[in-house]
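The structure appears below as structure tokens.
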Amino acid sequence: MLKSFAELCLATFKKDQLSSSESELYRHSHDESHHAGVEPDYVFFPESTEDVRKMTEIATQFEISMTAFGVGSGLEGQAIPLQKGVSINFERMNKVIEFSPEDMLITVQPGITRLELNSVVNKHGLYFPIDPGADATIGGMVATNASGTTAVRYGSMRDQLLDLEVVLANGTVLHTGTKAKKSSSGLHLTGLFAGSEGTLGFITEVSLKLHGIPEHSIAATCTFADPKLCAEAANIILMSGIPVLRIEFVDALSIKQVNQYGNYTIPEEHSLFIEFAGMQKAVEEEVLLAESLLEEMGSKRWKVATESTERAQLWKARHEMSYAFRHNKGTQVTDGDVCVPISKLPILVEYARELINESGLQGGILGHIGDGNFHTLIMFDPTSTDEFQKAETINSKLAEKAIEFGGTCTGEHGVGIGKKKYQLKEHGEALAIMKSVKQLFDPKNLMNPQKIFD
Ligand SMILES: Cc1cc2nc3c(=O)[nH]c(=O)nc-3n(C[C@H](O)[C@H](O)[C@H](O)COP(=O)(O)OP(=O)(O)OC[C@H]3O[C@@H](n4cnc5c(N)ncnc54)[C@H](O)[C@@H]3O)c2cc1C
């Protein structure tokens, strides 16, 4: 007799690997974005690559949609199913498979989070620097090509990858690279899977580059009269060749939010948060040079933090800024995530502030200004369609302008549901090629359908 999907799963996996409990279905229909999806029919918890392979075969046989889930910290609804089916949660695949400190590389399963990974490698003087504000999984970070405050020095997830093990919809298991630090062999499949948002295959192993922890670090903050000046000043720092580890812009409203959220006492003015890291003498020189350059640009309140606790406090506040907006009672938030050539940044930041002010909504601007990437966090009343439309219009205008400036609608959060509408404008003819690639890897359109493009 022909078995149903659930019967076949129960015959293949351990009983506790497939759940249809109300709480699990609910958890897997949400992420940190405002987007709405549907609840999956089942949640599956694989424990090995073989489990993932078998599940893709079974789901393909029954033509059931499959959506991978990390910790659901995505900001564009990527992990929320838009069609019923099975959500594949990688939390049990969170092991270190191979750690080679002398090669400065590590191979992990996708469910390990960035903080868990660092707790393993830090004691060897190494670190994995990519730091989205959430403690995301490595699988989710690869799938969204995440980055964060250190991208100005280390780049994004795509730049950290040596090899991925991937399970395709038809059950094929393949490796996209090698453990060599560089290679000119074959097409760059690793780069293709980075940012593919679980639409092409499931990542079951990730080999990552690690970096030495810098000998010495100094953090500094300063303020400027307006956001545009902050952007121009960041540009000057980069053009002067100072190899900052981080250079972040936070506007006065964002600081006000985080002060309230975390009881900080940071001056509520448009600010740059900077970190210098390397050999002590070099770092001290860099700090002096930066201070004088910024002073010439009209900076105020230059403050240096040399103690590690002080630095940690500063970056903790920075990482909490997004949560500070997001967890404001009675409001929801829409996120902008534009990224442009750095010379265009001052104009775009100024434009963002004008749009927010004109709308009458409350919204902060902050971001990884050294990469030309910034976010708008616009609060709206979820019961008011008018406010939601206004917030969406601001982000739309910014995304369109960023693309006109030769940039992108998303520097790091990904496309998911919210940025699909800009794909044609941004990619033109290349969009058809992307759709053909999807068709090649997933002909039945079962892997995270309707994400990136319809
Ligand atoms: C407060 C806050 C701050 C943030 N700051 C940043 C930031 O600075 N920079 C940044 O880049 N992002 C940021 N984010 C967004 C988010 O943390 C990233 O997008 C992160 O990479 C998502 O990881 P996750 O584990 O939560 O994945 P999820 O959100 O669960 O999933 C994301 C995508 O990955 C896919 N996926 C997950 N695992 C796999 C797998 N094994 N194989 C294939 N596909 C998979 C999912 O299907 C989905 O498409 C922030 C989020 C929050 C809440």
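Some observations on this one:
- Here the scattering of segment 20-90 is modelled by Debye summation over its C-alpha atoms, one equal scatterer each and no solvent; at q = 0.11, 0.13, 0.21, 0.25 Å⁻¹ the log10 of I(q)/I(0) is -0.24, -0.33, -0.83, -1.10.
- With a threshold of 30 Å on the Cα-Cα distance, the over-threshold entries among K300/K425; K256/K390; K401/K451; K54/K123 are K300/K425; K54/K123.
- Taking Cα atoms only, the orientation of helix 49-61 departs from the longest principal axis of the chain by about 60 degrees.
- From phi via Karplus (6.51, -1.76, 1.60), per-residue ³J(HN,Hα) for segment 329-340 in Hz, x at Gly/Pro: 4, x, 10, 10, 10, 10, 10, x, 8, 6, 9, 9
- In the chain, the C-alpha radius of gyration followed by the widest Cα-Cα span (Dmax) gives 22.3, 80 angstrom.
- Acute angle (nearest 10 degrees) that the helix 345-359 long axis makes with the longest principal axis of the chain, alpha-carbon atoms: 80
- Calculated FRET efficiency for the pair K300/S436, C-beta based, R₀ 51 Å, to 0.05: 0.40
- 20 Å cut-off, amide nitrogen to a point 7 angstrom out along K420 Cα→Cβ, residues in segment 11-41: 28-41
- Placing +1 on the Cβ of every Lys and Arg and -1 on the Cβ of every Asp and Glu, with no other charges, gives the chain a dipole of roughly 600 debye about its Cα centre.
- Straight-line cross-link reach from K444 at under 14 Å between alpha-carbon atoms covers these aspartates and glutamates, not counting any fewer than eight positions away in the same chain: E57, E63, D454.
- Derived scalar couplings ³J(HN,Hα) [segment 225-231; Karplus, 6.51 cos²θ - 1.76 cosθ + 1.60; whole Hz; x for Gly, Pro]: 5, 8, x, 4, 4, 4, 5
- The label-point distance for E22 and E50, in a model that sets each label 7 Å from Cα toward Cβ, rounds to 3.7 nm.
- Full-stretch length increase - T331, L187 - with 0.36 nm per residue and alpha-carbon distance subtracted: 47.3 nm
- Percent of Cα pairs exceeding the 27 Å cut-off, where the set is segment 1-157: 29
- Near-label residues of segment 61-102 by backbone N, under 12 Å of a point 7 Å along Cα→Cβ of N170: none
- Across segment 11-27, the residues whose backbone nitrogen lies under 17 Å from the label position 7 Å along the beta-carbon direction of D41 are 11-13, 18-22, 25-26.
- Note on segment 328-411: with charges restricted to the Cβ of Lys and Arg (+1) and Asp and Glu (-1), its dipole about the Cα centre is near 140 debye.
- Estimated translational D of segment 90-158 in µm²/s (Stokes, Kirkwood radius over Cα pairs; 20 °C; 1.002 mPa s): 175
- For segment 381-454, the equivalent ellipsoid derived from the Cα gyration tensor has semi-axes of 26, 17, 8 Å, listed largest first.
- Å² per residue, accessible surface of the chain at 1.4 Å: 42
- Protection proxy ranking, highest mean first, for peptides 348-360, 328-340, 113-125, 365-377: 365-377, 328-340, 348-360, 113-125, where packing is the per-residue count of other beta-carbon atoms within 10 Å, averaged.
- Of the listed residues D386, D131, the order by accessible area with a 1.4 Å probe, largest first, is D386, D131.
- P(r), alpha carbons of segment 119-229 - 10 Å bins starting at zero, rounded %: 13, 38, 29, 14, 6, 1
- This model, with +1 at the C-beta of Lys and Arg and -1 at the C-beta of Asp and Glu, gives segment 365-454 a dipole about its Cα centre of some 320 debye.
- Expected-Rg normalisation [2.2 N^0.38 Å, Cα atoms] applied to segment 141-195: 1.21
- With a Förster radius of 25 Å applied to the C-beta separation of M104 and Q313, the computed FRET efficiency comes to 0.30.
- Pair-distance distribution P(r) for segment 76-130, from all Cα-Cα distances in 5 Å bins starting at 0: 4, 16, 24, 19, 12, 10, 8, 5, 2, 0 percent.
- Listed residue (F374, I347, G262) projecting farthest to the positive dipole end of the chain, Cβ model: F374
- Reachable aspartates and glutamates, given that their alpha-carbon falls under 20 Å from the alpha-carbon of K182 and they are not under 8 places away in the same chain: E98, E102, D103, D159, D163, E165, E205
- A protection proxy built from the mean count of other Cβ atoms within 10 Å ranks the segments 405-414, 273-282, most packed first, as 405-414, 273-282.
- Computed from the Cα positions only, the extents of segment 179-228 along the three principal axes stand at 49, 30, 23 Å, in decreasing order.
- Sites Q389 and K444, calculated FRET efficiency, Cβ-Cβ separation with R0 41 Å, nearest 0.05: 0.70
- Of the accessible area of the chain, computed with a 1.4 Å probe over protein heavy atoms only, carbon and sulfur atoms account for 53 percent.
- The alpha carbon convex hull volume per residue for segment 314-454 rounds to 137 Å³.
- Options F273, M434, S23, ranked by Cα towards positive dipole end of the chain, top entry (Cβ charges): M434
- Coarse-grained scattering of segment 232-385 at q = 0.10, 0.19, 0.21 Å⁻¹, given as base-10 log I(q)/I(0) from a Debye sum over alpha-carbon atoms: -0.38, -1.26, -1.46
- Summarising the amide proton neighbourhood of T204: residues at separation of 5 or more, or on other chains, whose placed amide H is nearer than 5 Å comprise E165, V166, V167.
The values are calculated or read from the model by the stated rules, or taken from the named source; none is laboratory data. No experiment lies behind these values; they were computed from the predicted model shown. Positions of Cβ are backbone-derived with ideal geometry, glycine not excepted, and every protein chain shown enters the neighbour counts. SASA here: full protein model, heavy atoms, side chains in, ligands and nucleic acids out. Shrake-Rupley method; radii C 1.70, N 1.55, O 1.52, S 1.80 Å.
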